[in-house]
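Single-structure report; data block below.
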Amino acid sequence: TPIAILISGRGSNMNALIEACARPDYPARIALVLSNNPDAPGLETARAAGLEAIAIDHRLFPKDRDGHEEAIDKALLDAGVEVICLAGYMRVLTPYLVGRWQGRMLNIHPSLLPAYPGLDTHARALAAGDAEHGCTVHLVTDGVDEGPVLAQARVKVHEGDTEQSLAHRVLEQEHQLYPAALAAFLDRR
Ligand code: GRF
């Protein structure tokens with residue numbers, strides 16, 4: 001299945017998906033990497049891996065979110081994309097794009113949803129004194145971080161954990177979870 005990976009930053013989850021897609025038995029191939037941020041370090045990583053990687057800068061569409069997303073949609077369709085993986089894509093998508101890709105757009109979020117949608121998930125889990133934290137792969141719907149859960153991975157919160165140490169441990173799980181959850185989703189499809 002041809003997929004797109006949407007990023008805004010470093011793209012470590014994208015890397016995990018690139019590695020998975022390099023396995024001959026993996027059910028996805030990456031047709032396009034797309035970023036809203038032309039300076040995303042992940043774009044260079046993707047190109048170095050021989051992938052088509054483009055930026056569609058949201059700042060070129062001031063006060064025109066739909067225009068930005070129409071441009072994204074066109075690039076996705078031109079590349080023959082069938083499934084989208086958001087991987088650290090830091091802009092909230094409008095109902096326009098979400099609706100066009102309903103049921104075919106996945107996201108990874110660094111918490112055990114429905115706990116802690118939004119930002120600063122690790123700090124919030126620590127502040128709450130949670131014994132467990134983790135990450136979730138889910139389908140994207142209009143509500144931010146609200147769609148049906150496809151898979152989760154858990155980590156124990158350690159005494160003395162900082163936001164950074166906890167984020168690091170969760171990120172290791174994200175890199176395992178996303179390729180596995182995508183493969184399971186595609187196999188069911
Ligand atoms: C990850 O923690 C992801 O769950 C969140 O943003 C971060 C992106 O990291 N949505 P990376 O760009 O994949 O390294």
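Listed values, structure above:
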{"item": "Contacts under 9 angstrom Cβ, first residue in the stretch 55-73 being over 20 Å from GLY9 (Cα atoms), partner at pLDDT below 95 and among the β-branched types (Val, Ile, Thr), 6 or more apart", "result": "ASP66/THR94"}
{"item": "Enumeration of residues in the stretch 9-20 that are near the ligand (Cβ under 8 Å from one of its atoms) and closer than 19 Å to ALA79 by Cα", "result": "MET14"}
{"item": "Qualifying position, being in contact (Cβ under 8 Å) with a residue 40 or more places away in the chain, outside any helix (DSSP H, G or I) and polar (S, T, N, Q), among ASN107, ASN15", "result": "ASN107"}
{"item": "Residues within the stretch 140-189 that are outside any loop (DSSP other than H, G, I, E, B) and under 23 Å from ASP130 (Cβ atoms), tallied", "result": "25"}
{"item": "Those residues of the stretch 58-95 which are touching a strand residue (DSSP E or B) at 6+ places or on another chain (Cβ under 7 Å), among the charged types (D, E, K, R) and assigned to a helix (DSSP H, G or I), in sequence order", "result": "none"}
{"item": "Any hit, the stretch 94-104, residues being surrounded by fewer than 17 Cβ atoms within 10 Å (Cβ to Cβ), at pLDDT 95 or above and on the phi > 0 side of the Ramachandran plot", "result": "yes"}
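Here is a yes/no grid of residues against (1) in contact with a Leu (Cβ under 7 Å, 6 or more places away or on another chain); (2) within 24 Å of ARG23 (Cα to Cα); (3) within 16 Å of the ligand (Cβ to nearest atom):
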| position | (1), (2), (3) |
| --- | --- |
| PRO114 | no, no, yes |
| ARG124 | no, no, yes |
| VAL140 | yes, no, yes |
| PRO148 | yes, no, no |
| GLN152 | yes, yes, yes |
| LYS156 | no, no, no |
| PRO179 | yes, yes, yes |
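The values are calculated or read from the model by the stated rules, or taken from the named source; none is laboratory data. If you're wondering where the values come from, they're calculated on a predicted model, not measured in any experiment. So basically every Cβ, Gly included, is an ideal-geometry build from the backbone, and we count neighbours across all protein chains shown.
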